[in-house]
1. Kindly establish whether residue 168 is assigned to a strand (DSSP E or B) and without any contact (Cβ under 8 Å) to a residue 40 or more places away in the chain.
2. Step by step: first the residues of segment 245-262, then only those that are part of a loop (DSSP other than H, G, I, E, B) and in contact (Cβ under 8 Å) with a residue 60 or more places away in the chain, then the one that is nearest to the chain's Cα centre (by Cα). Which residue is that?
3. May I ask you to verify whether residue 265 is out of contact with any helix residue (DSSP H, G or I) (no Cβ under 8 Å at 6 or more places or on another chain) and more than 30 Å from residue 118 (Cβ to Cβ)?
4. State whether one or more residues within segment 303-312 are at pLDDT 95 or above and closer than 12 Å to residue 276 by Cα.
5. Just one of the numbered conditions (1) surrounded by fewer than 19 Cβ atoms within 10 Å (Cβ to Cβ); (2) not in a strand (DSSP E or B) is not true of residue 192; which one?
6. Residue 295 is checked against (1) under 18 Å from residue 389 (Cα atoms); (2) modelled with pLDDT under 95 and fails just one. What number does that condition carry?
7. Pairs needed: first member in segment 382-400, buried (at least 19 other Cβ atoms within 10 Å of the Cβ); second member anywhere, at pLDDT below 75 and part of a loop (DSSP other than H, G, I, E, B); C-beta distance under 9 Å; at least 6 residues apart or different chains.
8. Identify all residues within segment 16-37 that are more than 22 Å from residue 100 (Cα to Cα) and either modelled with pLDDT under 95 or surrounded by fewer than 16 Cβ atoms within 10 Å (Cβ to Cβ) (or both); write none if there are none.
């Protein structure tokens, strides 16, 4: 047996119960800055503090089990790397103390290839600028109410962060990002939680190729500016008032080539200005759009709206939102000159949709004779049309479907979700012929 093996064997005899510290702490204490400390396979109980710039590497996926008194690993030195561990929080800890599998309060830290279970928070960045979180798998505490657990990845007051290739499930929120700007969130997946992305007071961040699914909201964004969303999926967010992508008091957001499908509400705008939506697919939702008249200067161009029960719920009597050259699967106007644009504008709003926007119970009658009668009445008596909203140049044919890549590690259900876009085009063709899943005609 080598000296290192003997040392590990001796360390395992130490009882961490007295102070909650892991027997591995002595290895960290003896390391010099810049050292690589390798932990061999095994199960190690207790908590660790990394207070010097080292690489802490698990070999063969050693399991770290927290004491429940504090975070399993606390990083308190700049430039630390933690990689290759399984971490079990044992369902213990204190939300008030931000108990986490890995809690970081230092700069330039990298956390990668860790598998986390049973921790209140998964990875917590607190004033931890320039952090990298890559390739981790985080599963929360089964059967614990959302109010009693934390987020998978929690980022607070940490600038220039990068989160790539992480998988998060059954936590309160997938990502919680507050007061943290100039970051990148790329190729992550968050599912079966409250919000896939819960976000506030954070500017100039980029989100690309992520999946946010099966939550109360795919993404809830608040009080933020200049965000960029490209090729993300906000899918299957169902429940009372659920939404795919919500913007509240957000400005100058760019959303391009995203898939927003099978949500109770597709896109929700309140108090938000100058946001631009281009080439997104909004499909199979009860309401494609919910827009409050407190929003202004928003534009929708080149998007596909397919198979939604209603295109727009407008809260208020007017909106200056610009709709131009979008495809609407329930628009029946011809294209006689074959220029790709329908010969009549498409009207998003109707009296019934106005009632729907102000009376949730109206959803129960969306396919009823009463809804049909209201629709016919507004065409016969235009005075009823209180809130006309038009796409002046609706596309007669759907444009190319955005290229939303399939992650190789996605499970079959996720792969099915990612294949939904081509199916929606087929559904759109059926809708044009049958008028299914759409209210009575909207020709102006």
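1. Against the criterion (assigned to a strand (DSSP E or B) and without any contact (Cβ under 8 Å) to a residue 40 or more places away in the chain), residue 168 does not qualify.
2. Among those that are part of a loop (DSSP other than H, G, I, E, B) and in contact (Cβ under 8 Å) with a residue 60 or more places away in the chain, it is 258.
3. yes
4. yes
5. The single condition residue 192 does not satisfy is (2).
6. Going through the list (1) under 18 Å from residue 389 (Cα atoms); (2) modelled with pLDDT under 95, residue 295 breaks only (2).
7. These pairs meet every condition: 387/350.
8. 30, 32, 33, 34, 35, 36
The values are calculated or read from the model by the stated rules, or taken from the named source; none is laboratory data. These numbers come from a predicted model, not from an experiment. Every residue, glycine among them, receives a Cβ derived from its backbone with ideal geometry; neighbour counts consider all protein chains shown.
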